[in-house]
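Peer 1: Here you go, one structure.
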Amino acid sequence: MPNHAAMTSEAPRAPERSFLSIRSLTKSFGQFQALKSIDLEIREGEFVCFLGPSGCGKTTLLRAIAGLDRQSSGNISLRGKDVSNAPPSARDFGIVFQSYALFPNLTVADNVGYGLVNQKKPREVIAARISELLALVGLPDQAGKYPAQLSGGQQQRVALARALATSPGLLLLDEPLSALDARVRLRLREEIRALQRRLGVTTIMVTHDQEEALSMAERIVVMNHGVIEQVGTPEEVYARPKTAFVADFVGRMTFLSGVREGQALVRVGDQALRVADAPGFAPGEKVEIGLRPEAVRFTESAAGENRLAMRITDLEYLGSFVRAKLQGEGASPLILLADLPFNVMQDRAYEPGQAVIAELPASALRIFPARPFFPARP
Amino acid sequence: MSANSAFLTRDREAWVATALLAGLAFVLVLLIAVPLWSLLSKSVQNSNGQFVGLANFARYIATPALVVSLWNSIWVSGLVALIVVPLAFLYAYALTRSRMPGRGLFMAVAMTPLFAPSLLSAISLIYIFGNQGFLKSWLFGASIYGPVGIVLAEAVYCFPHALMILVTALRLADGRLYEVAEALDTSKSRVFFTVTLPGARYGLISAIFVVFTLVITDFGIPKVIGGQFNVLATDAYKQIVGQQNFEMGAVVGLILLLPAIFAFLVDRQVQKKQVALLSARAVPYEPKANARRDFILLAFCLVIGGLLIGMLGTAIWASFIRYWPYNLTFTLNNYNFANFDPQGWGAYLTSLKMAGLTAIFGTAIVFTGAYLVEKTKPAPALRGFVHFLAMLPMAVPGLVLGLGYVFFVNAPWNPLNIFYGTLTVLVANTVAHFYTVAHITAVTQLKQIDAEFESVSASLKVPFWMTFRRVTLPISTPAVLDIAVYLFVNALTTVSAVIFLYGPTTKLASIAIVHMDEMGAVAAAAAMATCIVFTAMAVKLLHLALDRLVFARYQAWRKR
């Protein structure tokens, strides 16, 4: 594919190589603000996921990039050229929808060649390109079938081939895997990722599935209520969530309300927990501490930092690990989730009602500003 | 393709869509809005075209004969609704909630009145109960010419319309509700009054209003069998055609518009609620076996279906009879139309031509228009306006629209008045008259097509008209056929709108029926009506066959 020959290596790319640049983009539907001043840079060849709950604005942002639904204000530039007001056909992208949107009365080959026919290329060239694309998505012998004769996963591959047929500079995927069975979804996830690496086509995928985003994306854009909460690699987003929303949406996290005390001390109920340095929070300020269930460790001795005497109130078997619900003792007891790997579980044979010492490593405790409406979890 | 030329392409696309929409809006304004405006303005003018405010309305109220017609129209229409809706409800109940044998056949039988001009049942009644009718004695001296005949004939004519609404309403039942009721050990009658009837109540309301409107605006039946009994529709005809009193005709037309608009508004409310009634999780109701219930319903349907067939059959049979009721031998003389009407068979051929042109042009405009409204993005205000115009004819009875056309096309200032009495005006008027149902059919079909097809096409730089031709239209062939057949059959059977608009060379079969009946050639009128019925049914059968063929040949993709 001519457009993607120059794939840069893994090294951080310079910002001026920005492929797609979005500046203070907003979109309103009447009173409702679907996008509130979005700024985003996407580099050439990158695989980016827009992740967030339904109604967060991720699809609205994708459709604005495509030009299918025009933004209310702000700019979009593609390869340094302002396309804010350009119609979709002037924007050089291919798109795949959750519904596949395959033309039911056309064969697989005609679907894939739909955009090529319009380019008035010779028939042999088109036919060759169609077979090349069908081979690429692993459906070389399905050219004569109609979409209704294919499985969901096959239909989505055809849709992918159709989107790639005109060699677009940008591939947009709008929840492409959401309509598929769990098993097919996993396989197609890998295939799309491999295909994207091979072609080097800049790709944006919208998804509400955090696991999908973590496993596929080079960078994740986490969105909520029309704002970008965090942009980062899967590792950054998971391990160093910038906001409580990100922490809660990507992976599981237990939250504890507390009050900032010393330099690195937070009081939660009647416990003082040591945290990694928490700059930006004044002493006496209300905060929330976030802790991933897998970071909790069970120890023998209560002596040491952040070690709490707790009781197991419930055990939930989740296959490869067991999620324990822990309750502290005292007047206002803490409630925590702790994930125990299956082998640990086997060795120790924990049971509900059992007393344990839980260690909450200071490095794993993340501090966020207190949210106005603290959700009652777990 | 460079970005720049793509810009132009896309701009061209938006430009084309907007231009087509503007053209469509212009055509619909001309076909629908302007005639209605002409009617409105005529009602507040005197014969010299000067504005006189509500003087015409005051004169109407001060004329006792006209007020009597108003009252006659109201009680006759109400009575028909009261008779037809319960019968249609029970019939619909039998079709949807029983395991009675032959349900499909009974549905088809109940639809037969749709294939005939409304006045066919009036002609049949004349043969049965008229001065020479073989059952005249059953009326105990009362005359069929008058309210009795109107009510009976209108009941037949309205039955399929009420039935279709009620079948739809009763089909939208959640089987789970019945299972719950049964699990709670509820009696059958209580289930009927707490589940079935509330579920269908919107359909019942809708059916009552539709029947009322159909009757009050129908012209053919009171014309044929009304005798000295005047109603609004015949008043309008007399004022316009008989006395050339256009202003009073306009007033009557406006009065006729009121119940129709009211029914339209009620129906829209009802539609909204009906949709909300059935959740996506509802399970279709499967009636259980119940021999006694099925037997009673079968007996009922046999009686009603028999009456409907009898009404149709009497006129057809009578059309082949030499001299009713004295000489019942077979003859084809009544089909020698030249003996009864100067146009002869010409009227029938004109009808075929008119119906064919209506089907072709109507389908093309309706479907393209619905596509532009439903699937293109530019000019949202224009699209809303076009959709409004498309929905408007639903609220306008044919008679009223016909009056509007008379005032508009006949106006001396109008350069289009050269079209008065031509086939063009008849086709235009008929397309406008039946626009809404066809439009709704097209929109419903288009809504079922993935909304992202146009997005995908845009991303592939394929203009929308290409996708319309290559994908949307082929997928929609069955709906397009539906629309064409609907327009054809209705163009063939309509009387009320075109009665004011035909010219010396463009008399239609349905109008020839009215004229032959007026001259006393009832058998010839029946013969002409028979021709229409057979043609309409043949077209419908052809449609069913074609539908199968299309499915088999061109819609291979539907099969797995």
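Yes/no per residue for (1) more than 14 Å from chain A (Cβ to nearest Cβ); (2) aliphatic (A, V, I, L, M):
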residue	(1), (2)
B:His433	yes, no
B:Val437	yes, yes
B:Thr444	yes, no
B:Ser455	no, no
B:Val462	no, yes
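Peer 1: Which numbered condition in (1) out of contact with any strand residue (DSSP E or B) (no Cβ under 7 Å at 6 or more places or on another chain); (2) within 29 Å of A:Ser37 (Cα to Cα) is the only one that A:Gln263 fails?
Peer 2: Going through the list (1) out of contact with any strand residue (DSSP E or B) (no Cβ under 7 Å at 6 or more places or on another chain); (2) within 29 Å of A:Ser37 (Cα to Cα), A:Gln263 breaks only (2).
Peer 1: Moving on to the next point. From A:Gln230, A:Gln263, A:Gln271, which residue is buried (at least 19 other Cβ atoms within 10 Å of the Cβ) and under 28 Å from A:Leu334 (Cβ atoms)?
Peer 2: One residue alone meets the criteria, A:Gln230.
Peer 1: Then there's this: Determine the pairs where a residue that is closer than 25 Å to A:Lys120 by Cα and in contact (Cβ under 8 Å) with a residue 12 or more places away in the chain, located within the range B:466-478, has a partner that is among the charged types (D, E, K, R) and surrounded by 18 or more Cβ atoms within 10 Å (Cβ to Cβ) with Cβ atoms under 7 Å apart, the partner being 6 or more residues away or on another chain.
Peer 2: Final answer for the pair search is B:Thr467/B:Glu454.
Results for (1) in contact with a Ser or Thr (Cβ under 7 Å, 6 or more places away or on another chain); (2) under 25 Å from A:Leu68 (Cβ atoms), shown as yes or no for each residue.
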site	(1), (2)
A:Ala148	no, no
A:Gly152	no, yes
A:Ala165	no, yes
A:Leu171	yes, yes
A:Glu175	yes, yes
A:Val184	no, no
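Peer 1: Here's something else I'd like to know. Residues that are free of Cβ contacts under 8 Å to residues at least 12 places away in the same chain: list the helices (runs of 4 or more DSSP H) wholly contained in the range B:306-410 that include at least 2 such residues.
Peer 2: Passing ranges, in order: B:346-375, B:380-391.
Peer 1: Outside any strand (DSSP E or B), surrounded by fewer than 20 Cβ atoms within 10 Å (Cβ to Cβ) and not small (Gly, Ala, Ser): does that describe A:Glu294?
Peer 2: yes
Peer 1: Continuing with this model, one more query. Which residues, counting only those in the range A:139-151, are within 13 Å of chain B (Cβ to nearest Cβ) and surrounded by fewer than 16 Cβ atoms within 10 Å (Cβ to Cβ)?
Peer 2: Matches in the range A:139-151: A:Gly144, A:Ala148, A:Ser151.
Peer 1: Given the conditions (1) more than 7 Å from every other protein chain (Cβ to nearest Cβ); (2) polar (S, T, N, Q); (3) part of a loop (DSSP other than H, G, I, E, B), and given that A:Asn105 satisfies all but one, which numbered condition is not satisfied?
Peer 2: (1)
Results for (1) over 19 Å from B:Thr467 (Cα atoms); (2) of a type in the set (A, V, I, L, M); (3) touching a Pro at 6+ places or on another chain (Cβ under 9 Å), shown as yes or no for each residue.
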position	(1), (2), (3)
A:Gly52	yes, no, no
A:Ile65	yes, yes, no
A:Asn105	no, no, yes
A:Leu116	no, yes, no
A:Gly144	yes, no, no
A:Leu150	yes, yes, no
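Each row is one residue, and each column tells you yes or no for (1) over 19 Å from B:Ile83 (Cβ atoms); (2) crowded, with 24+ Cβ neighbours inside 10 Å; (3) small (Gly, Ala, Ser).
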position: B:Leu114; (1), (2), (3): no, no, no
position: B:Pro117; (1), (2), (3): yes, yes, no
position: B:Ile123; (1), (2), (3): yes, yes, no
position: B:Ile126; (1), (2), (3): yes, yes, no
position: B:Gly133; (1), (2), (3): yes, no, yes
position: B:Trp138; (1), (2), (3): no, no, no
position: B:Ala142; (1), (2), (3): no, no, yes
position: B:Val148; (1), (2), (3): no, no, no
position: B:Val151; (1), (2), (3): no, no, no
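Peer 1: Another question, then. Among the residues of the range B:445-463, what is the count of those that are of a type in the set (Gly, Ala, Ser) and farther than 17 Å from A:Leu171 by Cα?
Peer 2: Of the residues in that region, 1 qualify.
Peer 1: To continue, here is another question. Quick check on A:Ser178: is it closer than 19 Å to A:Ser131 by Cα and not in a helix (DSSP H, G or I)?
Peer 2: Against the criterion (closer than 19 Å to A:Ser131 by Cα and not in a helix (DSSP H, G or I)), A:Ser178 does not qualify.
Peer 1: Could you list all residues from the range B:219-240 that are in a loop (DSSP other than H, G, I, E, B) and within 20 Å of the chain's Cα centre (by Cα)?
Peer 2: B:Phe219
Peer 1: Restricting attention to the range A:81-99, and to residues there that are assigned to a loop (DSSP other than H, G, I, E, B) and free of Cβ contacts under 8 Å to residues at least 40 places away in the same chain, which single residue is nearest to the other protein chains (Cβ to nearest Cβ)?
Peer 2: A:Pro87
Peer 1: Quick check on my filter: what residues within the range A:109-153 are part of a loop (DSSP other than H, G, I, E, B) and under 21 Å from B:Ala458 (Cβ atoms)?
Peer 2: Listed by number, the residues that qualify are A:Gly113, A:Asn118, A:Gln119, A:Lys120, A:Lys121.
Taken together, the values in this text are just the output of simple stated rules run on the coordinates, not laboratory data. Keep in mind it's a predicted model, so treat the numbers as computed, not measured. Backbone-built Cβ (ideal geometry, glycine too); neighbour counts: all protein chains shown.
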